[in-house]
Amino acid sequence: MTESGTPLGFPDRIETDRLVLLKPRPGDAEAIFERYAQDCSVTQYLSWRPHTDIEETRDFLEGCLTRWERGSDFDWVITMRGKDTCIGMAALRIRDSRAELGYVLAWPFWGKGIMTEAVRALASLAFARPDISRVWAVCDVENAASARVLEKAGLVREGILHRWASHPNVSPEPRDCLCYAKGKDSYKCKVES
């Protein structure tokens, strides 16, 4: 993985074998809206409802950039190498010594190992920082595909968090989630400069 640094140690650009993850740009709104933000099948297990117009997506991106500048949440758009169009996003939310992973991917790209590759890159990036000791993520108990991504990325299922998160596209009530995590000492980091 190659990267260009930021003051907090997270790069604007991350390259893997097949992917380029980029700090969001306002111009990404159209691709995000068209590719997945309005897609009910993609947003089913997410904490937000499908976007109904492009302005929602633009507002979301503006929030991503504001949080990036604050240094607590870092979102990257996912593109395939050689293409500059967003096909999904992946994020790290930094809280104390923990980094929480989040992600979304347009459905035509499901089942190809793309998100596993992105999650591995972000986990390695997080563990390369001396202040991060744990990387973790949750997914709805019924979201088998997301659970598989986390397992293939090297995180370990720790258990079920009962009534943990709201997934408004499934139910108005908080839902049970599977918790996956890995500590720095047990995660195989691969970070290249």
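For THR57, the requirement of being among the hydroxyl-bearing types (Ser, Thr, Tyr), modelled with pLDDT of 95 or more and farther than 15 Å from ALA121 by Cβ is met. Across region 126-144, the qualifying residues are those that are part of a strand (DSSP E or B) and touching a residue at least 60 places away in the same chain (Cβ under 8 Å), and the one among them that is farthest from THR116 (Cα to Cα) is ASP140. With respect to being modelled with pLDDT of 95 or more, in a helix (DSSP H, G or I), farther than 20 Å from VAL20 by Cα and of a type in the set (A, V, I, L, M), ALA118 falls outside the description.
For region 54-67, the tally of residues that are in contact (Cβ under 8 Å) with a residue 12 or more places away in the chain and under 16 Å from PHE33 (Cα atoms) stands at 8. Condition check for ASP131 on (1) closer than 23 Å to PRO11 by Cβ; (2) at pLDDT below 95; (3) surrounded by 19 or more Cβ atoms within 10 Å (Cβ to Cβ): one failure, at (3). For region 68-109, a residue qualifies if it is without any contact (Cβ under 8 Å) to a residue 24 or more places away in the chain, in a strand (DSSP E or B) and more than 11 Å from the chain's Cα centre (by Cα), and exactly one does: ARG95.
The values are calculated or read from the model by the stated rules, or taken from the named source; none is laboratory data. Since the model is a prediction, treat every value here as computed from it, not as a measurement. Cβ atoms come from the backbone with ideal geometry, glycine included; neighbour counts cover every protein chain shown.
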